[in-house]
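S.K.: I have a structure here, written as structure tokens, and I will follow up with some questions on it.
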Amino acid sequence: MRFLGNIEAKTDTKGRAFLPASFRKVLTASGEDTLVLRQDVFENLLVLYPQRVWNQLMDDMRSRLSRWDRKQQMAFRTLVSSVMELSIDGNGRILFPRNYLDAIGVVQKIRFVGMGDTIEVWPNEDNSPSPIMDKQAFGQILEQQTEAAQEQS
């Protein structure tokens, strides 16, 4: 399952948005019809996980975190309690709860960013930060990674 692309969209007054057709095709091909929504831990965005990807993430986290360590149990509780399951309606739309959109500053415009096995949903209002690096910064990162890989060889 690979979601790729950077697609602008709008939400309606109820918080519905059309999931990009390319992303719907990926979900359909993999037999998925439910998405799990949560706010990102590090950035001001929402993440959509196909049900299978979310279940794997929960299983991985559960295996790494002890049920007998108070802080680790609280971390797991925080992860699983702040999610919502979403379905895609017959028209290809998903309904984002207003509190999730408000939490990341969405008035109406959003941006879907395919991240491989997940889909990020960024605010795309006039004052919203871009999820994409400029070309110069991107090139510098790639050069640094290439140099580091050559040094290890």
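The values are calculated or read from the model by the stated rules, or taken from the named source; none is laboratory data. As the structure is a computational prediction, the values presented were derived from the model and not from experiment. Counting neighbours? That spans all protein chains shown, and the Cβs are built from the backbone with ideal geometry, glycine included. Accessible surface areas use protein heavy atoms only, side chains included; no ligands, DNA or RNA. Shrake-Rupley method; radii C 1.70, N 1.55, O 1.52, S 1.80 Å.
S.K.: If I take every Cα pair under 8 Å that is 6 or more residues apart in the range 1-152, average their sequence separation and divide by the length, what percent do I get for the relative contact order?
M.R.: So the answer I get is 34 percent.
S.K.: May I pose another question? For residue 109, what accessible area in Å² do you get when you roll a 1.4 Å probe over the heavy atoms of the protein chains, rounding to the nearest 10?
M.R.: About 70 Å², rounded to the nearest 10.
S.K.: Continuing with the same structure: Take the Cβ-Cβ distance between residue 99 and residue 144 as r, set R0 to 25 Å, and report the resulting FRET efficiency rounded to the nearest 0.05.
M.R.: 0.05
S.K.: Residue 89 versus residue 69, label points 7 Å from Cα toward the beta carbon: distance in nm?
M.R.: The answer from the label model is 4.4 nm.
S.K.: Right, here's the next one. Do the sum for the chain: with -39,500 (n - 2.57) for every DSSP H run of n ≥ 4, divided by all residues, what is the mean residue ellipticity at 222 nm, to the nearest 500 deg cm²/dmol?
M.R.: -12000 deg cm²/dmol
S.K.: Leaving out ligands and nucleic acids, and using a 1.4 Å probe, what accessible area per residue does the range 1-97 come to in Å²?
M.R.: Ligands and nucleic acids excluded, the result is 63 Å² per residue.
S.K.: Give the carbon-plus-sulfur fraction of the accessible surface of the range 35-97 in %, rounded to a whole number; probe 1.4 Å, heavy atoms of protein chains only.
M.R.: After summing per-atom areas, the C and S share lands at 52 percent.
S.K.: Turning to a different aspect of this structure: Tell me the relative contact order for the range 41-121 as a rounded percent, counting alpha carbon contacts under 8 Å between residues six or more apart.
M.R.: 45 percent
S.K.: Mind sorting out which of [x] 178; [y] 101; [z] 157 is the real volume of the Cα convex hull per residue in Å³ computed from the coordinates?
M.R.: Of the listed options [x] 178; [y] 101; [z] 157, [z] comes from this structure.
S.K.: Please list, ordered by chain and number, the residues whose modelled amide H lies under 5 Å from the amide H of residue 118; skip anything fewer than 5 residues away on the same chain.
M.R.: 3
S.K.: For the chain, list the DSSP H helices whose alpha carbon atoms reach 30 Å or more along the long axis and whose average Kyte-Doolittle value is 1.6 or above?
M.R.: Within the chain not a single helix satisfies the rule.
S.K.: Residues of the range 61-100 with backbone nitrogen within less than 18 Å of a virtual label 7 Å along the Cα-to-Cβ line of residue 13, please, listed as ranges.
M.R.: 95-99
S.K.: Under the definition of Cα pairs under 8 Å and six or more residues apart, what whole-number percent is the relative contact order of the range 1-67?
M.R.: Computed over the range 1-67, the figure is 21 percent.
S.K.: Cβ under 14 Å from residue 98's Cβ, residue 98 left aside: what net charge do those residues give with Lys, Arg +1 and Asp, Glu -1?
M.R.: Summing Lys/Arg as +1 and Asp/Glu as -1 gives 0.
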